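J.: Quick one: the structure is below, and I'll ask about it shortly.
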Amino acid sequence: MNKTHVAIIGAGHGGTSLIEIFRSDPLVKIVGVADIRLRAPGVLLARRLSIPTTQDYKRLLRLKKVDLLIDVTGNPKIDRSLRAFKRPDVAVIGGPTAKFMWQLIEARIRDKEEIEKHLREYQALYGLYMREVQHAIAEERTRIALDIHDGLVQTLVGLNYKLDLCSELRQKDPAQSQALILEARELLRAAIEEARQVVFNLRPLHFDRMELLPAIRSYLKTYSRQYRIETDFKVRGDEHWIPPRVKIFLFRIIQEALSNVQKHAKATRVGVDLTIGKADLRTTLSDNGRGFDLEEVASHPEKWASFGLKGIMERARLLGGTAVFDTQPGEGTKILIRVPLDGKERLLGEQDSSADRR
């Protein structure tokens with residue numbers, strides 16, 4: 001299995017947290033850590049793990065085998081240098097996005113007894129907090145690999161088993177052999193559908209044009225066909241008012257909300273209503289499912305996270321926006337998302353040019 005080769009700039013709390021996470025991830029290999037401080041905690045940890053270290057972060061930019069650069073220093077000079085870095089085969093994560101990512105990770109790994117659970121959760125979801133428009137595909141590699149391993153590969157393994165059994169029974173029991181062939185055909189159809197979904201997830205937005213509305217329509221069409229849930233999409237306003245980063249975050253919010261509907265709501269219909277103005281955009285996501293007790297769920301952090309509500313609120317907050325939930329048991333669920341589009345939709349913390357050096 002191909003690994004994602006990661007280089008980390010900054011070896012303070014943020015860099016150390018990332019090293020702790022990635023060291024146990026079978027899909028990731030850390031190829032370098034940079035920090036001007038020789039005794040930085042992340043540098044010492046990297047040396048113990050035989051990970052190459054350097055005081056000059058620019059050496060990491062020259063590595064031939066690197067897929068992802070993560071800067072957690074908060075240094076404006078380094079941030080500008082990385083923005084000017086042009087290698088289409090390398091994804092770059094920095095600034096407030098990286099700061100938020102490592103803060104979230106660090107909070108999740110404090111409880112050592114829970115670390116294995118957090119590692120599994122992060123392995124599936126860490127791409128949520130590493131969004132940069134030009135490199136969203138690279139950031140999804142781990143999640144896509146897990147989708148293939150846990151979904152498509154398992155389906156193909158089952159298909160292979162049924163075909164082997166069918167071959168054994170072809171002469172002994174033709175009727176059962178024929179039944180197995182029919183089952184294998186159904187598995188093959190499922191594998192084809194899973195493969196299509198994986199391909200779509202690799203490039204949900206057409207990045208050379210950043211077309212959000214066609215991506216939403218395509219996703220809803222696939223979603224409806226796969227889960228037998230009727231979808232309705234209404235849009236008002238001009239997509240060109242939406243900055244690229246907002247398009248990425250909004251698409252992921254819609255994905256998260258609809259995933260929750262499929263997993264928890266037992267709904268037969270879901271609607272997406274998008275209104276785009278010059279000052280802000282408003283998105284309403286509604287379903288006719290069973291709803292839930294919002295106060296009861298909000299009082300239990302594990303339920304809040306498992307229902308996907310935390311991820312939706314965090315994404316909206318990163319854009320300077322809000323997410324409001326309206327639901328009652330038996331009355332369906334409505335989510336109201338508002339994001340400013342007046343030039344102030346910078347990621348949370350982006351205005352702080354004196355971020356802590358990590």
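The values are calculated or read from the model by the stated rules, or taken from the named source; none is laboratory data. Bear in mind that the values here come from a model prediction, so they are computed numbers and not experimental data. All Cβ positions, even for glycine, are placed from backbone atoms using ideal geometry, and neighbour counts span all protein chains on display.
J.: With Ala195, Ala215 as the choices, which residue is modelled with pLDDT under 90, under 17 Å from the mean Cα position of the chain (by Cα) and at negative phi?
T.: Ala215
J.: Just need a number here: residues in region 40-96 that are of a type in the set (S, T, N, Q) and touching a Gly at 6+ places or on another chain (Cβ under 9 Å).
T.: Residues meeting the conditions: 4.
J.: Got a sec? Which of Ser353, Ser306, Ser286 is among the hydroxyl-bearing types (Ser, Thr, Tyr), more than 22 Å from Lys234 (Cα to Cα) and either modelled with pLDDT of 85 or more or not assigned by TED's automatic domain parsing to the domain that holds Ser224 (or both)?
T.: Exactly one residue qualifies, and that residue is Ser353.
J.: Identify the single condition in (1) out of contact with any Leu (no Cβ under 9 Å at 6 or more places or on another chain); (2) free of Cβ contacts under 8 Å to residues at least 40 places away in the same chain; (3) surrounded by fewer than 17 Cβ atoms within 10 Å (Cβ to Cβ) that Lys65 does not satisfy, given that it satisfies every other one.
T.: Here Lys65 meets the rest and fails (2).
J.: Cβ-Cβ below 7 Å, separation at least six or inter-chain, first residue in region 225-241 and over 25 Å from Leu341 (Cβ atoms), second of a type in the set (Lys, Arg): which pairs?
T.: These pairs meet every condition: Ile229/Arg269; Glu230/Arg269.
J.: Against the condition in contact (Cβ under 8 Å) with a residue 40 or more places away in the chain and outside any helix (DSSP H, G or I), how does Gly320 come out, does it pass?
T.: The answer is no for Gly320.
J.: I'd like to verify a number: residues in region 309-328 that are of a type in the set (A, V, I, L, M, F, W, C), under 17 Å from Phe251 (Cβ atoms) and either modelled with pLDDT of 90 or more or out of contact with any strand residue (DSSP E or B) (no Cβ under 7 Å at 6 or more places or on another chain) (or both), how many?
T.: Looking only at that region, the number is 2.
J.: Right, next: For region 262-283, how many residues are within 21 Å of Arg338 (Cα to Cα) and modelled with pLDDT under 90?
T.: 1
J.: Further question on the same structure: Quick one: Arg315 ticks every box in (1) under 15 Å from Phe233 (Cα atoms); (2) of a type in the set (Lys, Arg); (3) under 23 Å from the mean Cα position of the chain (by Cα) bar one, so which box is it?
T.: Arg315 satisfies all of (1) under 15 Å from Phe233 (Cα atoms); (2) of a type in the set (Lys, Arg); (3) under 23 Å from the mean Cα position of the chain (by Cα) except (1).
J.: Of the conditions (1) closer than 25 Å to Glu314 by Cα; (2) surrounded by fewer than 20 Cβ atoms within 10 Å (Cβ to Cβ), Arg47 fails just one. Which one is it?
T.: Against the list (1) closer than 25 Å to Glu314 by Cα; (2) surrounded by fewer than 20 Cβ atoms within 10 Å (Cβ to Cβ), Arg47 comes up short only on (1).
J.: OK, next. Take the conditions under 20 Å from Gly277 (Cα atoms), at pLDDT 85 or above and crowded, with 19+ Cβ neighbours inside 10 Å and apply them to Phe233. Does it pass?
T.: Considered against the rule, which asks whether it is under 20 Å from Gly277 (Cα atoms), at pLDDT 85 or above and crowded, with 19+ Cβ neighbours inside 10 Å, Phe233 comes out as no.
J.: Related question: If you check Gly291 against the conditions, is it in contact (Cβ under 8 Å) with a residue 12 or more places away in the chain, surrounded by fewer than 15 Cβ atoms within 10 Å (Cβ to Cβ) and more than 19 Å from the chain's Cα centre (by Cα)?
T.: No: the conditions fail for Gly291.
J.: Across region 1-26, what is the total count of residues that are in contact with a His (Cβ under 9 Å, 6 or more places away or on another chain) and either crowded, with 17+ Cβ neighbours inside 10 Å or of a type in the set (D, E, K, R) (or both)?
T.: 1
J.: Residues of region 27-42 being over 15 Å from Ile70 (Cα atoms) and crowded, with 20+ Cβ neighbours inside 10 Å, which ones?
T.: Residue satisfying the conditions is Ala40 alone.
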